[in-house]
1. Between residues in region 150-172 that are at negative phi and residues that are part of a helix (DSSP H, G or I) and modelled with pLDDT of 90 or more, which pairs lie under 8 Å by C-beta distance while being six or more apart or on different chains?
2. Within region 153-164, is even one residue out of contact with any helix residue (DSSP H, G or I) (no Cβ under 9 Å at 6 or more places or on another chain) and assigned to a strand (DSSP E or B)?
3. What's the number of the only condition in (1) in contact (Cβ under 8 Å) with a residue 40 or more places away in the chain; (2) assigned to a loop (DSSP other than H, G, I, E, B) that Glu51 fails to meet?
4. If you take the residues in region 42-57 that are over 13 Å from the mean Cα position of the chain (by Cα) and not charged (D, E, K, R), which one is farthest from Val96 (Cα to Cα)?
5. Would region 25-46 turn up any residue that is at pLDDT 80 or above and among the acidic types (Asp, Glu)?
6. With the condition kept exactly as written, say whether any residue in region 100-122 is within 12 Å of the chain's Cα centre (by Cα) and farther than 25 Å from Ile69 by Cα.
7. Any idea which residue in region 94-118 is surrounded by the fewest Cβ atoms within 10 Å (Cβ to Cβ), counting only those that are out of contact with any Gly (no Cβ under 8 Å at 6 or more places or on another chain) and part of a strand (DSSP E or B)?
8. Would you mind telling me which numbered condition in (1) surrounded by 11 or more Cβ atoms within 10 Å (Cβ to Cβ); (2) among the aliphatic types (A, V, I, L, M); (3) more than 16 Å from Val76 (Cα to Cα); (4) free of Cβ contacts under 8 Å to residues at least 60 places away in the same chain Leu134 fails?
Amino acid sequence: MNDTNIQDIPAIHSEIARKSKEIGFTMPSDLYIGTLLKTLISSKPAGKFLELGTGIGLSLSWMIDGMDIDSHLITVDNDPELIAIAKQYFGVDKRVNIVCEDGSEWIKKYRGGKFDLIFADAWPGKYSEVDAILDFIKVGGYYVIDDMAVQPNWPEGHDKNVKKLVAYLENRADFNLTKMDWSTGLIIAVRTKQKG
C-alpha cells in the first residue's frame, strides 16, 4: 500500500494551495488529515460538523467534499483576511456557515445542537475550552485534532501543552481514542456515552 498516492483531492484544493503560497500562509493542513476528514465525514449522512481554525480553507475543502447534500458545517476563525478568502471559495455553499470570530468566544456563546464531528485545528477547542467542545459532540461523534507530533512552528514549551492534552483525553471515560503517529500526529476520539 502506498499512502502517498492520494486520489480524491478536492478540485478546489490546488487553487487554495496556490493562494496559500501567494499570501505567505504558513500553517496549511496536509493532505493526510484532509483525506481522513473527508472519509470520517462521509460516514455521517445529514451530519452536522464543526471546524475550529478555518485558516485559508484547505481542510475545509476536504470536509465539504465529504458532506452530502443534507449536511451542514460551521467553520470558525479569528483572522478576517483568511475568512474573506475562505468565503470567496465556499461562501455560496448553503451547507456551510463561515464565521469570523474568536474561537473561545464562539464556543462560550454556542447554544445549537451537537455535532457528528469536530475538527479542532486552533487553540480554542484543542488547548482551551476543551470540556465545552467535547460536550458538543454526539454519542458516536468524532473529535479530531492534528499537530500532536513536534512541529517546526511550535513555540518553546508547547510540548507540555500537548502532553497535558493527551493525558486529559486518555482519562476521559466517555471517549475512546486512537493516537496516530501519522501525518502531523493525530488523535481521533469517539464519544461512547454522555458525560455523567
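1. As it stands, the answer is Leu165/Val130; Tyr168/Val130; Arg172/Leu134, since those pairs meet every condition given.
2. Checked against the condition, which is being out of contact with any helix residue (DSSP H, G or I) (no Cβ under 9 Å at 6 or more places or on another chain) and assigned to a strand (DSSP E or B), region 153-164 yields no hits at all.
3. Of everything listed in (1) in contact (Cβ under 8 Å) with a residue 40 or more places away in the chain; (2) assigned to a loop (DSSP other than H, G, I, E, B), Glu51 misses just condition (2).
4. Ser43
5. Taking every residue of region 25-46 in turn, none turns out to be at pLDDT 80 or above and among the acidic types (Asp, Glu).
6. Yes, that holds for at least one residue.
7. Across region 94-118, the extreme among qualifying residues is Asn97.
8. The failed condition is (4).
The values are calculated or read from the model by the stated rules, or taken from the named source; none is laboratory data. Quick caveat, the model's predicted, so the values are computed rather than measured. Note that each Cβ is placed from the backbone with ideal geometry, even for glycine, and that neighbours are counted across all protein chains shown.
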